[in-house]
Amino acid sequence: MKRFDVRRAVTADAALLCDLHKASVRALCAGSYSAAQIELWLAPRSADDYRRAMTAGEVMLAATYADRVVGFASTKGAELRALYVDPRLGRGAGGPLLLAAEEQVRGTGEPALHLQSTPNAVAFYRKHGYMREARATVRRGGVELQVLCMRKSLQAAGAPSTITRSVMAPARRNADASWYSGE
C-alpha cells in the first residue's frame, strides 16, 4: 500500500496543481468526454486560477507521496469543487483526499458535502457513501459537460479533525461503470 500525506495546499503549489488537474482530466475523463470537450474545458486554466481560488477562501488540500504532489481536492463552503489525482502516481490518493476534505467541511459545521461528478468518478463517490441527486449540465471553459450531482451527510462520521496526516490507501478496486443507474 502507498502511504499518502495530506496537507493544506499553498499558493506555491498552484503550478503543480494546474498541471496535475490537466493531466488527470486528459487521462481519466477521456472515456466520458470527447477530446475536443476536454481541451475546451482545460484551455483557460492557469496557475493563477488556483492562487486566486486559495486567496478567495477556497480550501485546497494536496496529497503527497515520496515528497511529490500526486493529487488535490478543493472545497468552498459545503461544496467539493475538485478532486483530481495524477494518473500515473496518484492512484489511491483520492480516498485520503476525500476523507480530509470531508473532515475540513465537517469542521466548519456543514451538515453535508455536495459535488458534481464526472461520469468516470461516480463509482468512486458511491463507494465513499455519496448519493445521487440529479443529472446536470455544467459549463467549463466554454463547453457544456454532463455531470451527476451527489451528496453525502457528514453528521454521523466521527473521524479525527485534522487536515495534516498520513493515510494508507487501499488497493484499487474495479470501478462501476453505470454512473446513472446506481447498479
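Results for (1) part of a strand (DSSP E or B); (2) crowded, with 20+ Cβ neighbours inside 10 Å, shown as yes or no for each residue.
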residue: VAL105; (1), (2): no, yes
residue: GLU110; (1), (2): no, no
residue: LEU113; (1), (2): yes, yes
residue: ARG132; (1), (2): yes, no
residue: ARG135; (1), (2): yes, no
residue: ARG139; (1), (2): yes, no
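Which condition number in (1) of a type outside the set (Phe, Trp, Tyr); (2) without any contact (Cβ under 8 Å) to a residue 60 or more places away in the chain; (3) over 22 Å from GLY31 (Cα atoms) is the one that ARG126 fails?
(3)
ALA43: buried (at least 17 other Cβ atoms within 10 Å of the Cβ), touching a residue at least 60 places away in the same chain (Cβ under 8 Å) and of a type in the set (Gly, Ala, Ser), yes or no?
Working: buried (at least 17 other Cβ atoms within 10 Å of the Cβ): no; touching a residue at least 60 places away in the same chain (Cβ under 8 Å): yes; of a type in the set (Gly, Ala, Ser): yes.
No; evaluated as a whole, the condition is false for this residue.
For the range 66-102: of the residues being farther than 19 Å from ALA53 by Cα and either more than 14 Å from the chain's Cα centre (by Cα) or aliphatic (A, V, I, L, M) (or both), which is surrounded by the most Cβ atoms within 10 Å (Cβ to Cβ)?
The initial filter retains those residues of the range 66-102 that are farther than 19 Å from ALA53 by Cα, namely 66-68, 70, 86-96, 99.
Add one more test, that the residue is either more than 14 Å from the chain's Cα centre (by Cα) or aliphatic (A, V, I, L, M) (or both), and what stays is 66-68, 70, 88-89, 93, 99.
On the way: ALA66: 10, ASP67: 6, ARG68: 11, VAL70: 24, ARG88: 9, LEU89: 17, ALA93: 28, LEU99: 17.
Only one residue tops the list, namely ALA93.
Which of the residues spanning the range 19-54 are within 19 Å of ALA121 (Cα to Cα), within 15 Å of the chain's Cα centre (by Cα) and assigned to a helix (DSSP H, G or I)?
LEU20, HIS21, LYS22, ALA23, SER24, VAL25, ARG26, ALA27, LEU28
Since every read-out is calculated from the coordinates, none of them should be taken as a lab result. Not measured: the values here are computed from a predicted model. Glycine also receives a Cβ, built like all others from the backbone with ideal geometry; neighbour counts cover every protein chain displayed.
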